[in-house]
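To keep things clear, I will list the structure first and then write my remarks on it.
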Amino acid sequence: MDFSLVTSVFEMLRLTPPSKLTLLSAQSFTLRHYPPTPPDIDTLILGIDSPDLARQVALVLRIVYADSHTVSAVGKAGVTETSLAGFGGADLVYPVSLFVPSLGEGTSFEAFAEIVSHLRAPDGCPWDKEQTHATLRKHLLEESYETLSALDANDVDGMREEFGDLLLQIVLNSQIAYESGEFTMTHVTKSIYDKIVRRHPHVFGDVKLNGVDDVLTNWEKLKEKERGGKKEDKGILDGVPAALPALNQAQEYQDRAARVGFDWSEIDDVLEKVREEIEEIKAAENLEQVKGELGDLFFVLVNLSRWREVDAESALREANLKFKRRFGYVEKSAKAQGRNLSDMTLEEMDAFWDEAKKIGL
């Protein structure tokens, strides 16, 4: 890399070299899918020697920077200021260097980790300084459910906010772990990085797999191998969190068992099992039997959902929301007539319910 070029680039830009600068070779973008630079620091990319390489650099940068983000191409022909989306093409005289101004304060993961660390510092927030893994547990759970609600509602703004709240929980717990000498945020990211690479040999290695089913089967084999390399005696299902909602837990149990071949041979067998469980509920003679048979029915219905490639938890949540909307319509309709639901007959309430269905609620 020609470091002497950096000075001449900033002279042509008529800018004072920034106190913080990421310096990259354009060739480092050829196999990348995400920019290798924190967006809160100015970036200078050297050695863009062709329209194809220019387009590749822009393609990767646009994952983080807006298409309208102003950049400067610097070469023998001078300075060309353009948008990131407009950068590249045969009109430039190659080679060029590309100056990418930062997105400003607070746009990098490192900046976020810094403010979280500051919260725990002596001059930080009294509340945050008192938190532990145990006290944050309920907040992690709440944020997870709020994220699911945003996903269920397809609320893009809500998802963006809730993903941020989840990230706060991860970084804050990692900071607490660092202070306790347990692990650091680097350990967290390195661990999941290694796991993703290890469990995707068909992407990062030379393993050949055909389709999603092969991927999932191989995934389970890799996990089984990992468990075998550990001292604790854990089975395929032991890694499923006990705190998962029951439908999620049932589907995960069934998914994992199916990956090693423990599954019905065809969906008709599952449907027959549904009918069998319903008959057993009818034949139940006491509360304990009813509870047991209902549990079996729920479990096989989850299996039916899995066979139909439906997430059982999401399906029930959507059904709950639908019931809430329609029942809310019944309440409002009764109120509009000056009546209380408790004074209405079931037939009258059903009429409002049918109206709700007709208008698409």
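The values are calculated or read from the model by the stated rules, or taken from the named source; none is laboratory data. Note that the structure is a prediction, hence the values are computed from the model and not measured. Ideal geometry is used to build each Cβ from the backbone, glycine not excepted, and the neighbour counts take in all protein chains shown. Heavy atoms of the whole protein, side chains included, go into the accessibility calculation; ligands, DNA and RNA do not. Shrake-Rupley method; radii C 1.70, N 1.55, O 1.52, S 1.80 Å.
Tabulated results
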item: Local net charge near Asp350, Cβ-Cβ under 12 Å (Lys/Arg +1, Asp/Glu -1); result: -2
item: Among beta bridges that DSSP assigns inside the chain, antiparallel share in %, nearest 5; result: 75
item: Reduced Cα scattering model of segment 7-105, Debye log10 I(q)/I(0), q = 0.12, 0.20 Å⁻¹; result: -0.32, -0.97
item: Helix axis angle, 4-13 relative to the chain longest principal axis, alpha carbon, degrees; result: 80
item: The chain: proportion of alpha-carbon pairs further apart than 30 angstrom, %; result: 63
item: Estimated vicinal HN-Hα couplings, Hz - segment 238-254 in sequence order (Karplus 6.51, -1.76, 1.60; Gly, Pro = x); result: 5, x, 6, x, 5, 7, 4, x, 4, 5, 4, 4, 4, 5, 5, 4, 5
item: Rg over Rh [alpha-carbon atoms, Kirkwood Rh] for segment 49-97; result: 0.94
item: Per residue value of the accessible surface for segment 171-286 (all protein chains in place, 1.4 Å probe), Å²; result: 68
item: Dipole moment magnitude, nearest 20 debye, the chain about Cα centre, only Lys, Arg, Asp, Glu C-beta charged; result: 920
item: Protection-proxy order for peptides 134-142, 281-289, 252-260, each taking the mean of Cβ atoms within 10 Å per residue, highest first; result: 252-260, 134-142, 281-289
item: Positive-pole candidate from Ile176, Tyr145, Trp127, dipole of segment 93-180, charges at beta carbon; result: Ile176
item: As computed over segment 271-361, the Cα convex hull volume per residue (Å³); result: 141
item: Simple Cβ-charge dipole of segment 159-221, Lys/Arg +1 and Asp/Glu -1, about Cα centre, in debye nearest 20; result: 280
item: Folded to 0 to 90 degrees: helix 156-179 orientation relative to the chain principal axis, Cα; result: 80
item: Other-chain or far-sequence residues with amide H under 5 Å of Asp42's (modelled H); result: Thr22, Ser102
item: Trypsin sites (Lys or Arg not before Pro) within segment 168-226: DSSP coil, no more than 14 neighbouring Cβ in 10 Å; result: Lys208
item: Mean accessible surface per residue for segment 13-112, computed with a 1.4 Å probe while every protein chain stays in place, in Å²; result: 52
item: Dipole in debye (nearest 20) - segment 176-328, about Cα centre, beta carbon charges: Lys, Arg +1; Asp, Glu -1; result: 780
item: Whole-percent carbon and sulfur share, accessible surface of the chain, 1.4 Å; result: 55
